[in-house]
1. Residue under question is K141, and the condition is that it be touching a helix residue (DSSP H, G or I) at 6+ places or on another chain (Cβ under 8 Å), surrounded by fewer than 15 Cβ atoms within 10 Å (Cβ to Cβ), in the same structural domain as P301 (by TED's automatic domain parsing) and modelled with pLDDT of 95 or more; does it hold?
2. Could you name every one of the helices (runs of 4 or more DSSP H) located completely within segment 288-369 that has at least 3 residues being surrounded by fewer than 16 Cβ atoms within 10 Å (Cβ to Cβ)?
3. If you take the residues in segment 155-167 that are in contact with a helix residue (DSSP H, G or I) (Cβ under 9 Å, 6 or more places away or on another chain) and surrounded by fewer than 24 Cβ atoms within 10 Å (Cβ to Cβ), which one is farthest from R322 (Cα to Cα)?
4. Among G130, G204, which is among the small types (G, A, S), surrounded by 20 or more Cβ atoms within 10 Å (Cβ to Cβ) and in the same structural domain as T74 (by TED's automatic domain parsing)?
5. Please verify whether I159 is of a type in the set (V, I, T) and either more than 18 Å from L312 (Cβ to Cβ) or not assigned by TED's automatic domain parsing to the domain that holds A303 (or both), treating the condition exactly as stated.
6. Can you pull out the residues in segment 168-180 that are surrounded by 14 or more Cβ atoms within 10 Å (Cβ to Cβ) and more than 11 Å from P264 (Cβ to Cβ)?
7. Would it be correct to say that K98 is within 13 Å of A303 (Cβ to Cβ) and over 18 Å from the mean Cα position of the chain (by Cα)?
8. Test K266 against the criterion of being surrounded by fewer than 21 Cβ atoms within 10 Å (Cβ to Cβ), assigned by TED's automatic domain parsing to the domain that holds V182 and either at positive phi or at pLDDT below 95 (or both), and give yes or no.
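The values are calculated or read from the model by the stated rules, or taken from the named source; none is laboratory data. Predicted model, so just to flag it, every value in this text is computed and none were measured. Counting neighbours? That spans all protein chains shown, and the Cβs are built from the backbone with ideal geometry, glycine included.
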Amino acid sequence: MSWMTPIGRFHRCALFARCGSRRQFFRETLAALAVLIVCAGPALSQNVEDLCRLSGAERTKVLADGARKEGTVTLYTSLAPEDVAILSAAFEKEYGVKVVAWRGSGENVIQRADAENRAGRLSVDVFEAGDRQLEVLHRLKILQRITAPTLPDILPRAIPAHGEWVGTRLNAFAAAYNTDLVKKAELPKSYEDLTDPKWKGRLGIEAEDYDWFQTVVEQLGEEKGLALFKTIAQTNGLSVRKGHTLLTNLVAAGEVPLSLTNYPYKPEQLKRKGAPIDWFFIPPAIARVNGIGLAREAPHPHAAVLFVDFMLSEGQTIMAKRQFWVTNQKASAIASHYNLIITDTNKMIDENDKWQKLFNTIVVSQSRQ
C-alpha cells in the first residue's frame, strides 16, 4: 500500500500518534517490514530456478499447490495434436491444472519464442520440440537448467552437457511401407537397392529431414553418399511431403508406397488400428532426440516445473503405451534395443546451411508429386 494514498496517510498519522516519536515510528515500521519479508520470502523467491532445487515430498506438494493457484501451464510443441491432447488430459486430471498448448513446426516454435523474447513478453512455460530447436533456444538463453527426480532414469545420451533441455523420446528414422503395395520380400536392404528402377514413382520422404540426410551421408562416406542419393532422386524420384504424420498417413492410404523417413511410433499406431502399414530400418539406423525445455522466465513457474516433472515420469509411461521410444528406461527400454546412431545436435546447427542446401538441391528439387 503506498504512503501517497489517503489511506496510507491515515495509517501513517495513526502510527505517529501511537509511537509518540519519529524514531519509534521508524523502528516499528522496519520491524513490521522485516516480518513481512520473512513471511513472504518463500513466495517471492519461488521462480523457476528456485523451484527446480526442491526435492522429495516437499517438491511435489509445493509445485502442485502453486500450480493449482496459477491455474494453467502454457506449452509450445511440435507434437502431433492427438498425443498433445492425451498428455494434457492426463496432467489436468492429476493436478487440476489446464494445459494451454500452441502447436506448430519445430521451426515455428523457435520463431515464436524468439519474437516474444525480443519483445520482452515471453508467454510460454514449457517447450516440447526437436533437439535442434531446443538447442537453439538454449543458445538464445531462453531455457533454465532442468533438475528432476527422474533424471537418473533418463538415457544419458538424451541429456546435453548443459542440462537446459532433456530428451523425452527418440525419433528414429524408419522406412514405412504399404503392405498391400509392397511385398516384404522386395523391401530394400540398403540405400543402394533404391537405385533399382522398380522403385520409380514409389518413394517418399519428409521435406525437412536434412539432419537425417547429413547423418546417413556421412555414415556412408560423404562423396559416396551424395552420389548415391543423386542417383536415387534422378532415377526414381522422391515424393517430398512436409510433416511426418502426413507422410505416414499417405503411406497407409497407398499414395506413397514406401517412405524413407518416418518415426516408428506413428506407423505402429496405425498398424495396431488395422491400417495396411509396417516399418523397418534401412541401415544405418538414425535417430534424433526430441525433448522438453523449461522457460527461464516462465509466467507460471510452479506449473512449468510440475509439467516437466510429469513429462519425465508419468508422461513417459503414457507415451510408451502409445509406441513412442521414450528415454526413461524404467518406462520402456525399447530405445536401447537398436543400434541407433544419434544425430549430432550442435553439428546440425553449425552446418545447417550446407546440408539444407545439399538436401534441397539433391532431393527436394527432384521432387515428384
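1. no
2. Filter on segment 288-369 gives 345-350, 352-362.
3. Result: H162.
4. Criteria check complete, one pass: G130.
5. Judged against the criteria, I159 is not a match.
6. The answer is T168, Y177, N178, T179.
7. yes
8. no
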